[in-house]
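What follows is a set of notes on a single structure, which appears directly below.
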Amino acid sequence: MDCIFCKIANKEIEKKFIYEDDEVMVFPDIHPAKPVHLLVIPKKHVPEFSQVEDPVLFQKLFVIAQNMVKREGLEDKGYRITINGGGAQVVNHLHVHVMGPLTKTAAL
Ligand code: AMP
Ligand code: ZN
């Protein structure tokens, strides 16, 4: 399957990981929108949010996203957790954006 995030998950593309376990990995976004911009992905190919069948996957992704917020010291600096889907996403492999620091602004 020609999926860039599967290739990253399978180590076909070299990438410096920030976190990795059997099911989830975290790496920096290649075009960071904020000083901290991480992507939390399932290693398994899940096309998008609406197609997640195992609710435990949500738990894993969000616990790791929370850990990343803490790891990056964003708890009191402003952060945003984003999932694009339904055609708004560019990469069709589920990923959670963790971005910060940011101030009180309307989410765009
Ligand atoms: P989305 O619009 O939610 O699908 O976001 C996809 C994100 O993946 C964008 O922020 C891209 O900058 C990022 N991205 C695409 N290719 C790579 C890559 N090879 N390594 C890291 N981030 C990537
Ligand atoms: Zn994939």
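Every read-out reported here was derived from the displayed coordinates using simple, explicitly stated rules and does not represent laboratory data. Remember, predicted model here, so these are calculated numbers, not experimental data. When we count neighbours, we look across all protein chains shown, and the Cβ atoms used for this are built from the backbone with ideal geometry, even at glycine.
Here are a few things to note about the model shown:
- Of LYS44/LYS104; LYS7/LYS104; LYS16/LYS44; LYS44/LYS70, those spanning more than 29 Å from alpha-carbon to alpha-carbon: LYS44/LYS104; LYS7/LYS104
- Taking the helices alone, the chain has a mean residue ellipticity at 222 nm of -6500 deg cm²/dmol, built from -39,500 (n - 2.57) per DSSP H run of at least 4 residues and averaged over all its residues.
- Kirkwood analysis of the Cα pair distances in the chain returns a hydrodynamic radius of 14.2 Å.
- Charge-dipole axis of the chain as Lys and Arg at +1 and Asp and Glu at -1 on Cβ define it, positive-most pick from PHE27, PRO101, ILE13: PRO101
- Along the chain, the longest continuous region that contains none of the trypsin sites (Lys or Arg not before Pro) in a DSSP loop with at most 11 other C-beta atoms within 10 Å is 17-103.
- The spacing between the stretch 42-108 and the stretch 1-17, judged by their C-alpha centroids, is 18 Å.
- Here the stretch 52-108 is described by how far its Cα atoms reach on the three principal axes: 33, 24, 15 Å, from widest to narrowest.
- Degrees, to the nearest 10: 55-71 long Cα axis against longest axis of the chain: 40
- Within the chain, the longest run free of exposed loop sites, counting GluC sites (Glu not before Pro) that sit outside DSSP helix and strand states (H, G, I, E, B) and have at most 13 other Cβ atoms within 10 Å, spans 15-52.
- Sequence-distant contacts, meaning Cα pairs under 8 Å at least 6 residues apart, place the relative contact order of the chain at 30 percent.
- If the convex hull is drawn through the Cα atoms of the stretch 1-58, its volume per residue in Å³: 107
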